[in-house]
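One structure below.
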Amino acid sequence: MQRENTERTRRETLKYGSTVAASIGLAGCSNVADQNATPTGSGSFEVCMEPNGCHTLAGVPETYVVYDPAITGMMIALGQGDGVIASQSGRYATGYLEQLPGVTYEESGVGLMDGGAPGKELFYELDADIHLIDHHTAEGYFEFSEQDIEELEENVGPFHGSWMRR
């Protein structure tokens, strides 16, 4: 029996339904992006994320210090892997990247935790545009006080990240 043109197969329904759902999701994401990144003038913008509050950035960051290897993976996925200048161990599991056409990543080799907790001096030496590390991680793993973090944010770059895992 031949189906009529007005009937849809289950596959077609899922296909069109998924397209509509993705469109709605993207519309929602663009609304969130508008709420969380607010232009403040002459190329600068404000970025807000809990638990770190808001930071004004002079432009799009080019260099990043990360702690969580998952953030390194996200930066690679966003085409910003070259900007990662230091990470937790300085190494990243790159074996699977060779399977992805056009995706490369060169490890910085700078490990934040090499030889124990890093001192503030390392962050001054790295001089990153932004530290994709939340305050709680910096306090817990780097033994920084809130005053240490505020000093580095004022003199180097903001600590702006979230490592909420639970």
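Converting phi to 3J(HN,Hα) with the Karplus coefficients 6.51, -1.76 and 1.60 and the offset θ = phi - 60°, the range 152-164 yields 5, 5, 6, 9, 10, x, x, 9, 9, x, 9, 10, 6 Hz in sequence order, with x at every glycine or proline. Coupling constants for the range 125-138 follow from the phi torsions by the Karplus curve (6.51 cos²θ - 1.76 cosθ + 1.60, θ = phi - 60°), and in residue order they are 5, 5, 6, 6, 5, 8, 10, 7, 9, 7, 4, 5, 5, 4 Hz; glycine and proline get x. Taking amide H positions as modeled 1.01 Å from N, with prolines and chain starts lacking one, the residues under 5 Å from Gly90 and 5 or more places away or on another chain are Leu112. Ordering Asp134, Asp148 from the fewest to the most neighbouring beta carbons within 10 Å gives Asp148, Asp134. Each residue of the range 91-107 was assigned a 3J(HN,Hα) from its phi angle through the Karplus curve 6.51 cos²θ - 1.76 cosθ + 1.60 (θ = phi - 60°); the sequence is 10, 9, 5, 9, x, 7, 5, 5, 7, 9, x, x, 9, 9, 7, 9, 5 Hz, with glycine and proline shown as x. Shape call for the range 42-155 from the C-alpha gyration tensor, a ≥ b ≥ c root eigenvalues: rounded (a/c under 1.5), prolate (a/b greater than b/c) or oblate? Judged from the Cα gyration tensor, the range 42-155 comes out oblate (a/c at least 1.5, b/c at or above a/b).
Compute the length gained on full extension between Thr104 and Asp148: take 0.36 nm times their separation in residues and subtract their Cα-Cα distance, giving the result in nm to one decimal.
12.4 nm
Using the Cβ-Cβ distance between Glu139 and Glu50 with R0 = 22 Å, the FRET efficiency computed as 1/(1 + (r/R0)^6) comes to roughly 0.85. For Trp163, the amide hydrogen comes within under 5 Å of the amide hydrogens of Asp134, counting only partners 5 or more places away or on other chains and with H modelled in the peptide plane.
Taken together, the values in this text are just the output of simple stated rules run on the coordinates, not laboratory data. Note that the structure is a prediction, hence the values are computed from the model and not measured. Every residue, glycine as well, gets a Cβ built from its backbone with ideal geometry; the counts of neighbours run over all protein chains shown.
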